[in-house]
Amino acid sequence: MYRTILVINTMHIGDLMLVTPALRTLRESYPEAEITLLTDKPLGDLVRCNRNIDECLLIDKHGADKGLLALVRFIRRIRRRHFDLVINLHRNERASAIAAFSGAKRIVGYAQPFFRRFFDQVLPNNAMADTPPDRVKHQVLCHLDVLREAAGVTRIDDRGLEMWLPEEAEQRAERLWQEHILRGEGGRRDGKTPPQVVAFNIGASWATKRWPADYFAACADELLREGYDVLFLGGPTDVALVAGCTALMEERQSPRLHVLTGQVSLAVLAGLLERSCLFLTTDSGPMHVGVAMNVPIVTMFGASPVPTFYPYDAKDILIKTPEPCHPCGIHDCPKKGAAHMACMKHIPVAVVMRYVHELLAAYGGRPARELPRSGAGSHACRIVEL
């Protein structure tokens, strides 16, 4: 029996959300243990209210904890905690070093080659690009394999991705919803019919994950003409991208078009998604947040491998083209002319809108917070290959 457990994942938004089924399974297996999650400081609001952990420990890897000496000091803090079990679910040098030198009684999970000698058990992350095709698994399932094979877990409790909002984020999301959606110019005058809002996220960390801005603009125009509200989300780095997209729209003056890009935290973004009835998004961190908030999703995949990072919810739809270079894992497409970004350009607006309408009809345009969750079972999304 482990009394104190540390789980490490210090990477990106989506990577962190994909750890949440493992946290639930750990809590189910070790109900009396004190479970701590270590993650990157800017992502803390995504998990600090997670009901399956006792503590969220943050590392400021781009600030106070940046650099080798700061990392050594941070590891000393970890060593003073005397954890019984450390589970590393992030295979980079920093996470591997923290786990390797944590001083825990048992250290398991993923590791870079140099640090493997300090682990009690190292497992492959079969969601990585170097995995043989016959062994590839979704990232969530790889994390659960670590628990099963190295952490003494005998029963997997996988209910999909989960997130609970901090109270201040919930209140902020409600205020923004009231001000921009319900009481704004696009609000329903009779006060009886609530707006049906389709959220858009058009940014992504890699250019090769972005569907063309004019395609998104065409989708937004069509939805606005049909009576839906359209809400553009995204972070500060997406502001210019969204401005360029909305400038291409014919309905850019519509009172039902709302742009909150760069104006909300990740937790508030999650609260807005919970109130939306559909999320049209790139393969990105916010996509996985949307999964956790139970909003139906239509997404387009280009550079990323589908089997390992698809939206982890059976009601979602992923669209891809059979380009021979997919999945390339490249940040910027090296091809020229018509072949440049073919994986994205060859997904037509008409096809995407067909599946947008299918999900809107299937779930009645109801906000995500009113939809039932899938619970235990398969969380594989529907994959449409053109």
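On the basis of being open to solvent by less than 20 Å² (accessible area, probe 1.4 Å), assigned to a helix (DSSP H, G or I), in contact (Cβ under 8 Å) with a residue 40 or more places away in the chain and not acidic (Asp, Glu), does residue 231 make the cut? Before you say what the answer is, go through the steps one by one.
Numbers: open to solvent by less than 20 Å² (accessible area, probe 1.4 Å): yes; assigned to a helix (DSSP H, G or I): no; in contact (Cβ under 8 Å) with a residue 40 or more places away in the chain: yes; not acidic (Asp, Glu): yes.
So residue 231 fails the test.
How do the strands (runs of 3 or more DSSP E) wholly within region 277-386 filter down when requiring 1 or more residues that are open to solvent by less than 10 Å² (accessible area, probe 1.4 Å) and under 30 Å from residue 177 (Cβ atoms): which remain?
On the way: elements: 278-282, 297-300, 317-320, 382-385.
Counting at least 1 such residues, we get 278-282, 297-300, 317-320.
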>> Where the second residue is open to solvent by 80 Å² or more (accessible area, probe 1.4 Å) and the first is more than 16 Å from residue 78 (Cβ to Cβ) and lies in region 104-119, which pairs have Cβ atoms under 6 Å and are six or more apart or on separate chains?
In response: 112/93
> Considering region 234-243 alone, what residues qualify as being under 13 Å from residue 213 (Cα atoms), touching a residue at least 24 places away in the same chain (Cβ under 8 Å) and out of contact with any helix residue (DSSP H, G or I) (no Cβ under 9 Å at 6 or more places or on another chain)?
Replying inline: 238
>> Given the criterion charged (D, E, K, R) and over 20 Å from residue 300 (Cα atoms), identify the matching residue among 366, 382.
In response: 366
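Looking at region 235-257, can you tell me whether even one residue there is open to solvent by less than 10 Å² (accessible area, probe 1.4 Å), within 28 Å of residue 373 (Cβ to Cβ) and of a type outside the set (Asp, Glu)? Working first, answer last.
Filtering region 235-257 for residues open to solvent by less than 10 Å² (accessible area, probe 1.4 Å) gives 242, 245, 249.
Next cut, within 28 Å of residue 373 (Cβ to Cβ) only: none.
No.
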>> What's the total number of residues in region 58-81 that are touching a strand residue (DSSP E or B) at 6+ places or on another chain (Cβ under 7 Å) and exposed (fewer than 14 other Cβ atoms within 10 Å of the Cβ)?
In response: 0
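Quick check, is residue 221 surrounded by fewer than 19 Cβ atoms within 10 Å (Cβ to Cβ) and assigned to a helix (DSSP H, G or I)?
Values: surrounded by fewer than 19 Cβ atoms within 10 Å (Cβ to Cβ): no; assigned to a helix (DSSP H, G or I): yes.
Against the criterion (surrounded by fewer than 19 Cβ atoms within 10 Å (Cβ to Cβ) and assigned to a helix (DSSP H, G or I)), residue 221 does not qualify.
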> Quick one: would you say residue 178 is over 30 Å from residue 374 (Cβ atoms) and not aliphatic (A, V, I, L, M)?
Replying inline: no
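Out of region 258-275, which residues are part of a loop (DSSP other than H, G, I, E, B) and surrounded by fewer than 21 Cβ atoms within 10 Å (Cβ to Cβ)?
Matches in region 258-275: 260, 262, 263, 264, 265.
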>> Go through region 20-41 and report how many residues are crowded, with 18+ Cβ neighbours inside 10 Å and not polar (S, T, N, Q).
In response: 11
> Take the residues of region 3-19 that are modelled with pLDDT of 95 or more and open to solvent by 10 Å² or more (accessible area, probe 1.4 Å): which is farthest from the chain's Cα centre (by Cα)?
Replying inline: 3
> Somewhere in region 48-55, is a residue open to solvent by 10 Å² or more (accessible area, probe 1.4 Å), of a type in the set (Asp, Glu) and either part of a strand (DSSP E or B) or in contact with a Ser or Thr (Cβ under 7 Å, 6 or more places away or on another chain) (or both)?
Replying inline: yes
> Tell me, which residue of region 136-165 that is over 23 Å from the mean Cα position of the chain (by Cα) and either over 27 Å from residue 105 (Cα atoms) or touching a residue at least 40 places away in the same chain (Cβ under 8 Å) (or both) is surrounded by the fewest Cβ atoms within 10 Å (Cβ to Cβ)?
Replying inline: 154
>> Residues that are outside any loop (DSSP other than H, G, I, E, B) and at pLDDT 95 or above: does region 178-195 have at least one?
In response: no
>> If I go through region 244-266 residue by residue, how many of them are touching a Gly at 6+ places or on another chain (Cβ under 9 Å) and in contact (Cβ under 8 Å) with a residue 60 or more places away in the chain?
In response: 8
> What pairs can you find where one residue is in region 366-386 and touching a residue at least 12 places away in the same chain (Cβ under 8 Å), the other is among the polar types (S, T, N, Q) and outside any loop (DSSP other than H, G, I, E, B), and their Cβ atoms are less than 8 Å apart, with a gap of 6+ or different chains?
Replying inline: none
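Out of the residues in region 328-347 meeting the condition of being of a type outside the set (Gly, Ala, Ser) and without any contact (Cβ under 8 Å) to a residue 40 or more places away in the chain, tell me which one is farthest from residue 206 (Cα to Cα).
Quick first cut of region 328-347, residues of a type outside the set (Gly, Ala, Ser) only: 328, 330-336, 340-341, 343-347.
Next, from what is left, pick out any that are without any contact (Cβ under 8 Å) to a residue 40 or more places away in the chain: 334-336, 340.
On the way: 334: 13, 335: 15, 336: 17, 340: 14 Å.
Ranking the candidates gives 336 first.
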> Is it the case that residue 109 is modelled with pLDDT of 95 or more, buried (at least 21 other Cβ atoms within 10 Å of the Cβ), at positive phi and not basic (Lys, Arg)?
Replying inline: yes
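The values are calculated or read from the model by the stated rules, or taken from the named source; none is laboratory data. Everything quoted here is computed from the prediction, not taken from an experiment. For neighbour counting, all protein chains shown are included, and Cβ atoms are generated from backbone atoms with ideal geometry for every residue, glycine included. We work out accessible area using only protein heavy atoms, side chains counted, and drop any ligands, DNA or RNA first. Shrake-Rupley method; radii C 1.70, N 1.55, O 1.52, S 1.80 Å.
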